[in-house]
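Accompanying notes for the structure given below.
The values are calculated or read from the model by the stated rules, or taken from the named source; none is laboratory data. Just so it is clear, the structure is predicted and the values come from calculations on it, not from any experiment. All Cβ positions, glycine included, derive from the backbone under ideal geometry; neighbour counts span all protein chains shown. Side chains included, ligands, DNA and RNA excluded: accessible areas come from the protein's heavy atoms. Shrake-Rupley method; radii C 1.70, N 1.55, O 1.52, S 1.80 Å.
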Amino acid sequence: MEPRGTKRGAGKIEVAEPRNKLSHPPSSLPTDAVLYSGPFPFYRRPSQLGYFSLDAERQYHGDARALRYYSPPPTNGQGPNFDLRDGYPNRYQPRDEEVREGLDHLLRWLLEHRGQLEGGPGWLAGAIVTWRGHLTKLLTTPYEQQDGWQLAASRFQGTLYLSEVETLAARAQRLARPPLLRELTYMGYKFEQYMCADKPGGSPDPSGEVNTNVAFCSVLRSRLGNHPLLFAGEVDCTDPQAASPQPPTCYVELKTSKEMHSPGQWRSFYRHKLLKWWAQSFLPGVPNVVAGFRTPEGFVCSLKTFPTMQMFEHVRNDRDGWNPSVCMNFCAAFLSFAQNTVVQDDPRLVHLFSWEPGSPVTVSVHRDAPHAFLPTWYVEAMTQDLLSPPKTPSPKN
């Protein structure tokens, strides 16, 4: 059964009884898929609240300068033959992964737009704020068998903020990343360069540098069950020819995968990779994933479009497949678990939710560095808002 989320009012009553809350919090959350197989929960169609760009130096801009335009090659009966290794490593500027950004870019956007959120002034106090990638990890948890995760949570002015913490295993893996894996990462970005133009109707220019600091991010509002959500996610490109020009339905996600030759390879692809593609694109309401299938030599030999809403059809009759209801029900259950666990409103108090495959989600409590993740500039600006009364127009003489 999914734990029910508390309403704001109920939350206030619980705050008044901290002894009770501290002595008996639910201490863990099971993740077994069989527990979450009920009907698909309510999920509000995501709407875009705004966007921002990160430039080649990873600097924030509150505009769409980093947005790129989908420009696929002409279909002339031949494969595209993109060389994904071209430019590696000389024309590659990878983002510095030692810099832990947390929610900072999203918080900057939120600070600039907090006055005009469409849910009204009180909406943010009841919402959960996070990155789309963190929610993607929650969606795939009931089926994940390799990688664990950690999510830090803090409540501030009613809002619950969730920010991923790199696990020790993930850090060790990143630092020991073999050259082949680094090249594969590059190839994914290179594919985007072959498929996107800088302006609508333009042509891709694959001669330039691949710089993974550059990103265009969409900020979206949705609701899962009774949990209002505000999350941001990186967008690969927009399709100027999309049937609906309205974001997020005009956005396209670009992926690469190795060329497949046997039914067994396709089955494995549908069970594992397609689950991650579905979760990543379903959450923000991106309707299509365009995949480039590459040869062992690194050339894209074919393109295939996977509509997000049809991905489940590939595993619907596979007893070892995944189920969207399970993913969404688990995510809703986790958000309820987090809302009920993080009761105290304090930006320096952190509940760390940890999960390893085969185990339930557990919680530990921390204060201040190194776990606190809401930056001082954000906390101070939001607190200032609360302290300064709204300006009333002075009466005319």
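Some observations on this one:
- Of the strands (runs of 3 or more DSSP E) lying entirely inside the stretch 122-240, the ones with 3 or more residues being hydrophobic (A, V, I, L, M, F, W, C) and farther than 20 Å from Y51 by Cβ are found at 149-156, 159-165.
- Members of the stretch 285-299 found to be in a loop (DSSP other than H, G, I, E, B) and either farther than 20 Å from P247 by Cβ or modelled with pLDDT under 95 (or both), listed by number: T295, P296, E297, G298
- Taken as a whole, the condition of being in a loop (DSSP other than H, G, I, E, B) and under 20 Å from F191 (Cβ atoms) does not apply to P248.
- Qualifying residue in the stretch 261-284 (condition: closer than 18 Å to R45 by Cα, in a loop (DSSP other than H, G, I, E, B) and in contact with a helix residue (DSSP H, G or I) (Cβ under 9 Å, 6 or more places away or on another chain)): yes
- Selection count, the stretch 180-219, where residues are open to solvent by 10 Å² or more (accessible area, probe 1.4 Å) and small (G, A, S): 6
- Within the stretch 322-359, considering residues that are under 26 Å from A170 (Cα atoms) and of a type in the set (D, E, K, R), the one most open to solvent (accessible area, probe 1.4 Å): R348
- When the stretch 71-91 is filtered for residues that are under 31 Å from the mean Cα position of the chain (by Cα) and either open to solvent by less than 40 Å² (accessible area, probe 1.4 Å) or without any contact (Cβ under 8 Å) to a residue 24 or more places away in the chain (or both), the ones remaining, listed by number, are S71, P73, P80, F82, L84, G87, N90.
- Matching residues in the stretch 283-320 - criterion: being open to solvent by 30 Å² or more (accessible area, probe 1.4 Å), closer than 22 Å to V34 by Cα and touching a strand residue (DSSP E or B) at 6+ places or on another chain (Cβ under 9 Å): H314
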